[in-house]
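Participant: Sharing a structure below in structure tokens format, with a few things to ask.
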Amino acid sequence: MKKKAIVLFVLAILLLGIYGANAEQDLVQTVAKGCKTEIEQYCARVTPGQGRVLACLYSYGDKLSAKCEYALYDAAVQLERAVAALSYVANECDADLDKFCQSVAPGEGRLLQCLEKNEKQVSARCTNALKDVGLK
């Protein structure tokens, strides 16, 4: 179970760039706080970034405290919610993205900015989805 939670979290974190920096900071803080002891004990020499600390935690999966396991689980659940919200918006705004934002490169909030720029012409379906997930 421990390794499964860590693997899910590592895989999900790769999708995080889609959702935004604030969500990423929240997830990192959740894990950093909950796994502080393990990070200091087992991963102190690991250079942060590109999932290296998570890989380190994974390698010590059988030694993680319940608090750390819960932090990893909680972060994975938060990320799962974020991915579900993003999927919902992408589905509801698909036609609007094709119509207004076809030439916009995804990432760093550019698609959302494009939809906001064209908000008067964006469909009610898309607008409602953005409101539902708190992006508008």
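The values are calculated or read from the model by the stated rules, or taken from the named source; none is laboratory data. Keep in mind that what you see is a predicted model, and the values were worked out from it rather than measured. Using ideal geometry, Cβ is built from the backbone for each residue, glycine included, and neighbour counts are taken over all protein chains shown.
Participant: In this structure, does Ala90 turn out to be modelled with pLDDT of 95 or more and of a type in the set (A, V, I, L, M)?
Facilitator: The answer is no for Ala90.
Participant: Okay, moving on. Hey, any hits in segment 47-62 for a residue that's more than 23 Å from the chain's Cα centre (by Cα) and part of a helix (DSSP H, G or I)?
Facilitator: yes
Participant: Oh, and also: If you go through segment 79-122, how many residues are without any contact (Cβ under 8 Å) to a residue 40 or more places away in the chain and part of a helix (DSSP H, G or I)?
Facilitator: Total satisfying the criteria: 21.
Participant: Mind listing whichever residues of segment 37-55 are surrounded by fewer than 17 Cβ atoms within 10 Å (Cβ to Cβ) and in contact (Cβ under 8 Å) with a residue 12 or more places away in the chain?
Facilitator: Within segment 37-55, Thr37, Gly51, Ala55 qualify.
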